[in-house]
Every structure is written in C-alpha cells, then in structure tokens.
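A.B. asks: This is the structure I have questions about; it appears just below.
The values are calculated or read from the model by the stated rules, or taken from the named source; none is laboratory data. None of these values were measured; they are calculated from a predicted model. Note: ideal-geometry Cβ built from the backbone for every residue, glycine included; neighbour counts use all protein chains shown.
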Amino acid sequence: MKLYYAPNTCSLSPHIVLRELELEFELVKVDNRSKRTSDGRDFLTINPKGYVAALELEDGKMLTEGPAIVQFLADLKPERTLAPPAGSWERVRLQEWLNFITSEIHAGSALLFNSQLPEEVKSLLREKLFRRFDLLENTLSEKNFLTGAFFTVADAYLYTVLGWCRYFAIELKNWPALTAYIARIDERPAVQAALIAEASCQG
Ligand SMILES: N[C@@H](CCC(=O)N[C@@H](CS)C(=O)NCC(=O)O)C(=O)O
C-alpha cells in the first residue's frame, strides 16, 4: 500500500493507524501547493480531489477521505481492535465520533489556517470550536479514549487535528482532560514513529 501524505496535515491520522497495525506501506509525500508528489508526479492525476490523505491499494484502487481510510485499515486487522466489528452498535458509535471530528473539529479548525479570513470571523470559529472542546473535555474526563478504555482510529484522528492548535495559538491547557489525552497518545510508539518519519520528510 502507498499512503500519499503531507507533513502535519490530516494524513497523519491514517499514517498513525498504518503503524499501529504494523502494516507494510510506503509513504509518498505530496506538496500541497504545487500538487506534485515527491517522485515527480502530478498528484491531481492520482487523486482528482487534490488533497491528502489518499491510500493506494496493491490492486491499484485509490481510497480517499480520512474516516473511510482509517476504517478500511482497521478492518484489515480486526484483532488489533482499532475499530469494533462492522455492523455492531459500537462501530456506529465510532462512526459518530469520526463524523464529529471531521465536520466539527477538522473542518471547524482548518479555516483558521486561512490568512485571508478576517479576525472577526476567526474569532467566531474559535468560539464554536471551544464549545466542541468543552464537549470533548466532558467525555475524556470519564474515559481514557473517545469510545472507552482502548485507543481506536477515532483517537488517531482527533489527536491529529488537535495538534493544529499550536499553529493557532490555542492553549489546550484550558481543557485539562484533553491535554492529558493528547499526552497519553503522544507516548504511543506508533505515534512517535509517524511523527519522526514525517519530520524527516520520508517519501
Ligand atoms: N474531506 C477530506 C479533507 C482532506 C483535507 O482537508 N486535506 C488537507 C490537509 S488536512 C489538504 O490536503 N488540503 C490541500 C488542498 O485542499 O488543496 C478528508 O477528510 O480526508
């Protein structure tokens, strides 16, 4: 498998999951501005959506959309319990979290990267984001991970998008359970390996 990624973006989530599952994969770096891959190809011919993450399977199929990619990967090794079995109520709960992260946290914070957005709009976005953080704080005050005692693909995704707070000068220490949660995930060897690989710009 090949993971098309860009450092410090949402593709870190499937990257972590690939390493958690100890699957064989190759990283291909994408320059999100030029839309060129590190091996000199036009990324738009690989994924016409023009954004990471994209996962290329051995048979040439291309899968996009982070929440779909991480569930596909988790199902390759169900014994690692990164996602409950498809069709179970617990799986629907996981999907509920993945959708919350993608629409409320990922999409809700990505706009803050836009330097053209007026400060008043950014302030409204921050306020909304903070209400979502309050909800996460309540959830994580009662359990170690989003769905309970075990790390799942939803945690890989939430960890990834919360990591952007450092670019927006958002102090996560105002949400202590959330801060402790990030520290817990930071300690995972697969997470460290993914961060190191991206920092050394592998691919
Ligand atoms: N809906 C997509 C969004 C992916 C996305 O926003 N990717 C960003 C990085 S976090 C990107 O590559 N943006 C470049 C662009 O849109 O040109 C998903 O959830 O996977």
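A.B. asks: Among the residues of segment 30-58, which ones are surrounded by 15 or more Cβ atoms within 10 Å (Cβ to Cβ), under 22 Å from Asn114 (Cβ atoms) and of a type outside the set (S, T, N, Q)?
C.D. replies: Within segment 30-58, Val30, Lys35, Phe43, Tyr51, Val52, Ala53 meet the criteria.
A.B. asks: Something else about it: Output the number of residues of segment 6-54 satisfying the condition of being assigned to a strand (DSSP E or B), of a type outside the set (A, V, I, L, M, F, W, C) and either in contact with a Cys (Cβ under 9 Å, 6 or more places away or on another chain) or within 9 Å of the ligand (Cβ to nearest atom) (or both).
C.D. replies: From segment 6-54, those assigned to a strand (DSSP E or B) are 26-31, 36-37, 42, 54; that's our starting set.
Next, only the ones that are of a type outside the set (A, V, I, L, M, F, W, C) stay: 26, 29, 31, 36-37, 42.
Retained after the next criterion (residues that are either in contact with a Cys (Cβ under 9 Å, 6 or more places away or on another chain) or within 9 Å of the ligand (Cβ to nearest atom) (or both)): 29.
Number of matching residues: 1.
A.B. asks: Name the pairs whose Cβ atoms lie under 7 Å apart, with the first residue in segment 100-123 and within 18 Å of Val153 (Cα to Cα), the second surrounded by fewer than 17 Cβ atoms within 10 Å (Cβ to Cβ), and 6 or more positions between them or separate chains?
C.D. replies: Short answer, once both residue conditions are applied: Glu104/Arg132; Ile105/Arg132.
A.B. asks: Residues in segment 110-130: is at least one closer than 21 Å to Ile16 by Cβ and under 14 Å from the mean Cα position of the chain (by Cα)?
C.D. replies: The answer is yes; a qualifying residue exists.
A.B. asks: Whether any residue in segment 70-86 is hydrophobic (A, V, I, L, M, F, W, C), outside any helix (DSSP H, G or I), more than 12 Å from the ligand (Cβ to nearest atom) and without any contact (Cβ under 8 Å) to a residue 60 or more places away in the chain is what I want to check.
C.D. replies: Within segment 70-86, the subset hydrophobic (A, V, I, L, M, F, W, C) is 70, 72-74, 76, 82-83, 86.
With the extra rule that they be outside any helix (DSSP H, G or I), the set shrinks to 82-83, 86.
Of the ones still in play, those that are also more than 12 Å from the ligand (Cβ to nearest atom) are 82-83, 86.
Those left that are additionally without any contact (Cβ under 8 Å) to a residue 60 or more places away in the chain: 86.
Yes, there is a match, as at least one residue in segment 70-86 is hydrophobic (A, V, I, L, M, F, W, C), outside any helix (DSSP H, G or I), more than 12 Å from the ligand (Cβ to nearest atom) and without any contact (Cβ under 8 Å) to a residue 60 or more places away in the chain.
A.B. asks: Would you check which residues across segment 1-20 are surrounded by fewer than 19 Cβ atoms within 10 Å (Cβ to Cβ) and over 21 Å from Glu104 (Cα atoms) and list them?
C.D. replies: Residues of segment 1-20 surrounded by fewer than 19 Cβ atoms within 10 Å (Cβ to Cβ): 1-2, 8.
Result: Met1, Lys2.
A.B. asks: Among the residues of segment 21-32, are any within 16 Å of the chain's Cα centre (by Cα), touching a residue at least 60 places away in the same chain (Cβ under 8 Å) and under 16 Å from Asp186 (Cα atoms)?
C.D. replies: There is no residue in segment 21-32 that is within 16 Å of the chain's Cα centre (by Cα), touching a residue at least 60 places away in the same chain (Cβ under 8 Å) and under 16 Å from Asp186 (Cα atoms).
A.B. asks: Given the criteria loosely packed, with under 15 Cβ neighbours inside 10 Å, modelled with pLDDT of 95 or more and either outside any helix (DSSP H, G or I) or more than 14 Å from the ligand (Cβ to nearest atom) (or both), does Arg93 qualify?
C.D. replies: Working: loosely packed, with under 15 Cβ neighbours inside 10 Å: no; modelled with pLDDT of 95 or more: yes; either outside any helix (DSSP H, G or I) or more than 14 Å from the ligand (Cβ to nearest atom) (or both): yes.
Answer is no for this residue.
A.B. asks: Right, next: Checking the conditions here, which among Asp155, Asp186 is within 22 Å of Arg80 (Cβ to Cβ), touching a strand residue (DSSP E or B) at 6+ places or on another chain (Cβ under 7 Å) and free of Cβ contacts under 8 Å to residues at least 40 places away in the same chain?
C.D. replies: On the way: Asp186 fails: touching a strand residue (DSSP E or B) at 6+ places or on another chain (Cβ under 7 Å).
On inspection, the qualifying residue turns out to be Asp155.
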